[in-house]
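Below is one structure; the comments refer to it alone.
The values are calculated or read from the model by the stated rules, or taken from the named source; none is laboratory data. These numbers were taken from a predicted model, which means no experiment stands behind them. All Cβ positions, glycine included, derive from the backbone under ideal geometry; neighbour counts span all protein chains shown. Remember, those area values only see protein heavy atoms, side chains included, never the ligands or the DNA or RNA. Shrake-Rupley method; radii C 1.70, N 1.55, O 1.52, S 1.80 Å.
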Amino acid sequence: MVDNELNYDKLRSMIACCQWTFAKTMPWCPHEYIVRGNCPLTTDEFDCFVHMQREHGVKEHWGKYYHPYLYIDNYKYWTMGAPVEETRVINRAKADVKKR
């Protein structure tokens, strides 16, 4: 069972242990990402991050998409909406406004 309670300390710890990759194929939309299985997060940690992002994120439009964005410190985090177990990528970008 996944713990969906929003825990910023837990998220910050997961974020800090990852090496985020710049998405060089999208220079017009600067952001970074991590990939399931290619980052230090366990499957449970990755799933927990995705659950927290989706349950506690602020829904916003980006182009034709409408996704929850979880604001932590100076970044916002999002996924593309596939089922949690199929989600392969967590994205992040500098946030315009610090929400949390």
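Observations, loosely collected:
- Value at 222 nm in deg cm²/dmol, rounded to 500, when DSSP H runs of n ≥ 4 in the chain each add -39,500 (n - 2.57): -7500 deg cm²/dmol
- Low-density loop positions, trypsin sites (Lys or Arg not before Pro), the range 1-84 - DSSP coil, at most 11 other Cβ in 10 Å: LYS24, LYS64
- Only protein atoms count toward the accessible area here, which uses a 1.4 Å probe; on the chain, the carbon and sulfur part of that area reaches 51 percent.
- Relative contact order computed over the chain (Cα-Cα under 8 Å; 6+ residues apart), in percent: 25
- Applying Stokes-Einstein at 4 °C and 1.567 mPa s to the Kirkwood radius of the chain, computed over alpha-carbon pairs, gives a translational diffusion coefficient of 94 µm² s⁻¹.
- Our estimate of slack between GLU5 and ASN74, defined as 0.36 nm per intervening residue step minus the Cα-Cα distance, is 22.7 nm.
- If the convex hull is drawn through the Cα atoms of the range 26-77, its volume per residue in Å³: 107
- Entry comment: accessible area of the chain is 63 Å² per residue, from protein heavy atoms only and a probe of 1.4 Å.
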